[in-house]
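S.K.: Here it is, the structure in full.
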Amino acid sequence: MPDLSLKERKRIAIRRDLTAVALELFLRDGYENTTVDQIAAGAGMSRRTFFRYYNAKEDVIVGKWDLIGLDMVTALEERPADEPIWDSLRAMYDVVIQHYADPEKREQSLAVDSIVAATPALRHSYLARRDVFEGIVTDMLLKQRGGDRLAVRALVGAVTACVEAAREETLQTRPLALGPAIDRALAAMRGA
């Protein structure tokens, strides 16, 4: 996040705090039973202030991935410019692997992932955000490294699909196997 202004960094930090409070409330009281007022109070702010950072409580639960996405983009920016895009994209997902390797984050994330999967509107919002994220990564790679837009977008989508397949295969029963599962999926795709 080196290009972000101090104001934007502060905004992201507050969003992270709000997200942490909201996720704790969602897991304790249930997503449907948690109100924006409770989230705002838990974060020590007014309802009005909450809406400066999120448009709705739905944005908070799915916004968890926006914040992880910022860390992933930062990791991607730090990759060598001459590294193959496929390898850079794989390395970017180390952020997700490390997230799920942390027992506390993993427990919370798996519970939140279940809420998102069970709520059609949240699932739709997650998928829409994933598409936006893939577009951001594609644009960033094109700006840094050039290339054919279609080819780069296809690579980004292919790696994302491999990661999603690995997540579905491992997270509920073998979360520490996520990294090797991603590598297996990527190897299968690359060899196809």
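Readers should treat all values here as calculations from the given coordinates under stated rules, not as data from a laboratory. Values in this document were obtained by computation on a predicted structure and should not be read as measured data. No Cβ is skipped: glycine too gets one built from the backbone with ideal geometry, and neighbour counts run over all protein chains shown.
S.K.: Could you put THR35, THR173, THR119 in order, starting from the residue whose Cβ has the fewest other Cβ atoms within 10 Å?
M.R.: THR173, THR35, THR119
S.K.: Between region 137-170 and region 87-123, how many Å separate their Cα centres?
M.R.: Distance between centres, Cα-based: 18 Å.
S.K.: Given the options LEU171, MET92, ALA187, identify the residue whose Cα lies farthest towards the positive end of the charge dipole of region 58-191 (+1 on Cβ of Lys, Arg; -1 on Cβ of Asp, Glu).
M.R.: Of the candidates, ALA187 comes out farthest on the positive side.
S.K.: According to a simple spin-label model (label point 7 Å from Cα along Cα-to-Cβ), what is the distance in nm between ALA56 and GLU134?
M.R.: Placing both labels 7 Å beyond Cα along the Cβ direction yields 2.3 nm.
S.K.: Of the lysine pairs in the chain, how many meet both conditions: Cα atoms under 25 Å apart, and a spacing of 8 or more in sequence or different chains?
M.R.: Summing the qualifying lysine pairs gives 8.
S.K.: Further question on the same structure: Report P(r) for the chain: all Cα-Cα distances, bin width 10 Å, range 0 to the bin holding the largest distance, values in whole percent.
M.R.: 8, 33, 36, 19, 4, 0
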